[in-house]
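Written out below as structure tokens is the structure these notes cover.
Rule-based calculations on the coordinates, nothing more; no lab input. Since the structure is predicted, the reported quantities are computational estimates derived from the model, not experimental observations. Using ideal geometry, Cβ is built from the backbone for each residue, glycine included, and neighbour counts are taken over all protein chains shown.
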Amino acid sequence: MKFRYAKREDVGLILRFIKDLAEYEELLDEVVADENILEDWIFDKEKAEVIFVLEDDKEVGFALFFHNFSTFLGRAGIYLEDLYVKPEYRGKGYGKALLAKLAEIGVERGCGRLEWWCLDSNTPSIEFYLSLGAIPMDEWTVYRISGDTLEKLAKSSSDK
């Protein structure tokens, strides 16, 4: 099992994995990212990283991640935005290997934790994460502001 970091020329492959994951989660209609957006944010602005897991030099899964920061720990962590393994390669340890690789990267970089979200309806993934010793953060609720609401809030800052 091999891993490699994504390169600029992989942007189409990254988008394909994102869309495959969105389709699996029945959220494909929410994907607005395109190759130009991904290239800008991942490779030009360097706001996220992508690692692939390979079988026989073929990309069979990916993880997209970035650093967050814990004020309580006083150091960065790794936030896993997406992890996806193609259906025909599931059950072979690729998902676990990707998480282990991210843990290794986090330890090498001195990070304090590895975190991610999972849809409540994604029972197979939840069972998998629990089997690895992951702890659900049930006492925390995720809040989100996006789209028009984000624009409206941003405008309220400049109105003062």
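For this structure, a couple of remarks:
- The sole residue among F72, F65 that is buried (at least 17 other Cβ atoms within 10 Å of the Cβ) and of a type in the set (A, V, I, L, M, F, W, C) is F65.
- Candidates L21, L28, L54, L13, filtered to the one that is within 13 Å of the chain's Cα centre (by Cα) and either crowded, with 16+ Cβ neighbours inside 10 Å or not aromatic (F, W, Y) (or both): L21
- Helices (runs of 4 or more DSSP H) enclosed by region 1-116 - at least 1 residues per element that are within 19 Å of A134 (Cβ to Cβ) and in contact (Cβ under 8 Å) with a residue 40 or more places away in the chain: 11-24, 94-108
- Residues satisfying the criterion are present in region 129-143 (criterion: assigned to a helix (DSSP H, G or I), over 20 Å from W41 (Cβ atoms) and within 19 Å of the chain's Cα centre (by Cα)).
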